[in-house]
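Have a look at the structure below, then the notes.
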Amino acid sequence: MAHRTVKPFFKPSRPCAELKLGHRSLYIIPSRFGALWIAAAGLLLLVAIQTGSNSTLLLAFVMLGLMLLAMFLTHDTLQGLTLRCDQPAPAFAGEPALYSLQLDSAAARPRCSLRVQGHAVVDCDRIAAGRATLFLPWVAGHRGWQLPPPVQIETIAPLGLFICWGRWQPQQPQLIWPRRCPGPVAEKQPPRSRDGLEEWQDLRPVREGERPALVDWASAARGRPLQAKLFNDPEEPEVILTPAPGVELELAREHLADRIWRLHHSGACFGLQFQAISLAPSKGVRHRDACLEALATA
């Protein structure tokens with residue numbers, strides 16, 4: 001059943017790892033439908049008094065009794081439900097992020113909805129008994145470890161006559177990478193950690209000025225002419241990303257974040273040098289995340 005969400009005029013308590021909803025953390029007011037219901041019951045009550053109609057009077061009291069019952073049932077829908085922090089996955093600033101949290105319930109519960117304040121609502125048709133994980137969308141405007149706005153949970157189940165809600169400020173921050181913005185990035189070749197001498201493929205006559213390390217001295221010791229080794233370098237291209245000269249630091253972060261994301265998806269081997277942080281060339285999700293975290297927190 002669609003309904004308007006309640007405006008957050010009650011501030012949540014200080015950040016905490018989990019919150020068990022109860023009398024101190026739940027609020028309840030009549031919904032618009034509930035307000036009309038009360039008005040109709042009051043009107044019937046006035047008509048019954050004026051006309052002396054017992055059936056109308058009975059109907060008015062039944063409606064008021066049902067309203068009272070709905071208040072307790074709606075409150076019990078959220079009573080005892082526990083909201084707990086999870087480990088949210090990193091996301092880029094300015095892009096939709098998913099904040100994960102866990103719901104613990106001792107019994108099945110009817111429909112409710114959750115949302116991060118100011119962001120899209122996530123509807124849960126039914127909460128099963130046990131533990132469930134939910135992902136709430138939100139958009140972070142800044143990089144680094146960020147706390148989302150307060151989380152609000154609310155319900156009008158089962159009759160739609162009352163809105164019951166609670167608010168919670170999660171304690172677990174979410175890592176937000178810098179925004180992705182295509183732009184210039186400086187690249188340089190990393191120093192070779194080995195010269196590949198053990199992987200030479202062929203020999204050729206020594207040229208004037210040849211490095212001694214390339215000469216096949218073992219063959220020369222057996223009386224053969226001096227020859228130089230030919231190498232077939234098996235290493236794939238590697239690149240180290242650094243901020244482009246003349247680019248403002250925050251904008252350089254965004255350019256690097258975009259380039260890292262693209263290189264990762266192309267399967268390239270890359271490293272990062274940014275301020276005091278230096279990450280050797282590598283590839284894979286863990287390396288990509290390490291580079292983006294360095295950009296986010298440096």
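When the helices of the chain are scored as -39500 (n - 2.57) per DSSP H run of n ≥ 4 and the total is divided over every residue, the value at 222 nm lands at -9000 deg cm²/dmol.
Of the accessible area of segment 12-92, computed with a 1.4 Å probe over protein heavy atoms only, carbon and sulfur atoms account for 68 percent. The slack between R111 and E238, meaning 0.36 nm per residue of separation minus the straight C-alpha distance, is 40.4 nm. Cα-based radius of gyration for the chain, normalised by 2.2 N^0.38 Å, reads 1.73.
Helices assigned as whole DSSP H runs in the chain whose Cα atoms extend at least 20 Å along their own long axis and whose mean Kyte-Doolittle hydropathy is -1.0 or higher are found at 32-51, 54-78, 249-266.
At full extension, E187 and R204 could sit 2.7 nm farther apart than now, given 0.36 nm per residue minus the alpha carbon distance. How much area per residue is accessible in segment 9-150 when the probe is 1.4 Å and only protein heavy atoms are counted (Å²)? Per residue, segment 9-150 has an accessible area of 57 Å².
Computed with a 1.4 Å probe over protein heavy atoms only, the accessible surface of segment 220-298 comes to 53 Å² per residue. Rounded to the nearest 0.05, the FRET efficiency derived from the C-beta distance between D86 and A268 at R0 = 25 Å is 0.20.
Here r is the Cβ-Cβ distance between W145 and F72 and R0 is 45 Å; the resulting FRET efficiency, rounded to 0.05, is 0.65.
The values are calculated or read from the model by the stated rules, or taken from the named source; none is laboratory data. Everything quoted here is computed from the prediction, not taken from an experiment. Methodologically, a virtual Cβ is constructed for each residue, glycine included, from the backbone with ideal geometry; neighbour enumeration extends over all protein chains shown. Surface accessibility is based on the protein's heavy atoms, side chains included, excluding ligands, DNA and RNA. Shrake-Rupley method; radii C 1.70, N 1.55, O 1.52, S 1.80 Å.
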